[in-house]
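S.K.: My structure is below; once you've seen it, I'll send some questions.
The values are calculated or read from the model by the stated rules, or taken from the named source; none is laboratory data. Bear in mind that the values here come from a model prediction, so they are computed numbers and not experimental data. Virtual Cβ from ideal backbone geometry, glycine too; neighbours counted across all protein chains shown. To get the accessible areas, we keep the full protein, side chains included, count just its heavy atoms, and leave off ligands, DNA and RNA. Shrake-Rupley method; radii C 1.70, N 1.55, O 1.52, S 1.80 Å.
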Amino acid sequence: EAFFSMASEIPWIKTSQAKLGAFGFKKPPLKEKLLQKPKLRFIRDLLVSVQKATGFPAGLFTDEVMKASTAAFKEWSKDNKVGFLKRIHACVEAATGRRLNFTAEKAAAGLEPENTNLVLQGLADAAVLTKEGKVTMGPVLKKVGSTGWGGYPSSANQPDDGEAAAAAAAA
């Protein structure tokens, strides 16, 4: 009920609210204001909530990134911020098989929020595919490789599909 009271009239925000809201998490709230100019902390918090609900995108980022405090976010360089967004974008495209009109540099600067929302909607779509067993993280992580910033330095540290499936089952 609370979700629908904050439903937007802006089509791309409405779509993000519907797709991400389907997972039933409370934090972060899917408020129009937050989706109109998605900040990195908000995006990371969405990743954490979606991963808890579905197992996607397990292994994409290190624990250090997934558990970063507000103070830690302030320490991120521009390259870190852009790399973080590039990594999410690459993961969503690898999982969904769709090309998205998104520029990490622009998103990091708070520009083109409708395109950032396309990536967030793709995150939701990929999470549904993962939950349905149509996508597993092993092949996705191989495609993403070392793209962007914040991932594990080698594939040896990444959870395998069994661990990702266990994380999804535990959610």
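S.K.: Counting C-alpha atoms alone, how compact is the stretch 22-121: give Rg to one decimal and Dmax as a whole number, in angstrom.
M.R.: Final numbers for Rg and Dmax: 12.7, 35 Å.
S.K.: Now for a different question. Quickly rank 23-30, 36-43, 91-98 as a protection proxy: mean count of other C-beta atoms within 10 Å, highest first. Please report the intermediate quantities before stating the final value.
M.R.: On the way: 23-30: 14.8, 36-43: 16.4, 91-98: 20.4.
Ranking the peptides 23-30, 36-43, 91-98 by packing returns 91-98, 36-43, 23-30.
S.K.: Turning to a different aspect of this structure: Give the lysines reachable from residue 134 as a straight Cα distance under 25 Å; neighbours fewer than 8 places away on the same chain don't count.
M.R.: Within the straight-line limit of under 25 Å, residue 134 reaches these lysines: 19, 52, 86, 142, 143.
S.K.: Taking 0.36 nm per residue of sequence separation and subtracting the Cα-Cα distance, how much length would be gained by fully extending the chain between residue 66 and residue 143, in nm to one decimal?
M.R.: In short, 25.7 nm is gained.
S.K.: So, one more: Based on the Cα gyration tensor of the stretch 32-80, what are the three equivalent ellipsoid semi-axes, each the root of five times an eigenvalue, rounded to whole Å and given largest first?
M.R.: Three semi-axes, in Å: 18, 16, 9.
S.K.: Taking a 1.4 Å probe, which of 54, 15, 130 shows the most accessible area, and what order do the others take after it?
M.R.: Largest accessible area first, the residues go 15, 130, 54.
S.K.: Distances over 14 Å make up what percent of all Cα-Cα pairs in the stretch 76-125?
M.R.: 44
S.K.: Moving on. Using a 1.4 Å probe on the protein heavy atoms only, what accessible surface does residue 79 show? Give it in Å² to the nearest 10.
M.R.: Result for residue 79: roughly 120 Å² accessible.
S.K.: Still on this structure: Compute the distance in nm between two label points, each set 7 Å from the Cα along the Cα-to-Cβ direction, one at residue 52 and one at residue 112.
M.R.: 3.1
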